[in-house]
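The values are calculated or read from the model by the stated rules, or taken from the named source; none is laboratory data. This is a predicted model, so every value here is computed, not measured. Positions of Cβ are backbone-derived with ideal geometry, glycine not excepted, and every protein chain shown enters the neighbour counts. Just the protein is used for accessible areas: all its heavy atoms, side chains included, with ligands, DNA and RNA removed. Shrake-Rupley method; radii C 1.70, N 1.55, O 1.52, S 1.80 Å.
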Amino acid sequence: NSKLRHVEKDVLIPQIMRERAKELCSDKVQAFTKCCQETGLLMVVKCRQENTALKDCLVGYYSDPLFYEECKTEYLKQREEYRATGIKKKRQKLTSNV
């Protein structure tokens, strides 16, 4: 049964999309994080280029219908495993503050 509830479409699948997009944009996440650490309070001005590159990368994935379908398939697979075993699979988190 692949019918999705409102919370799955609007919360759970976008959560997978955000996590995967951060992994796929990890070079830009690292560049932005490094810039912020090095510049402190001036990061709003000095890290504009890194911030724009990161946003462009993330938004590119968020607005890609194929990427949504991949994440939806991943979610449905996790949901199916959970329903079969009762064990919730934890996704590995990146150790980033972004």
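When the stretch 73-89 is filtered for residues that are closer than 19 Å to residue 7 by Cα and open to solvent by less than 100 Å² (accessible area, probe 1.4 Å), the ones remaining, listed by number, are 73, 74, 75, 76, 78, 79, 81. Of all residues in the stretch 33-47, those that are closer than 21 Å to residue 22 by Cα have Cβ atoms under 8 Å from Cβ atoms of residues that are open to solvent by 90 Å² or more (accessible area, probe 1.4 Å), 6 or more apart or on another chain, in 33/97; 35/46.
For the stretch 17-37, a tally of residues being open to solvent by 10 Å² or more (accessible area, probe 1.4 Å) and under 14 Å from residue 67 (Cα atoms) returns 7.
Listed by position, the helices (runs of 4 or more DSSP H) inside the stretch 23-88 whose residues that are more than 25 Å from residue 11 (Cβ to Cβ) and modelled with pLDDT of 95 or more number at least 2 are 26-39, 48-62.
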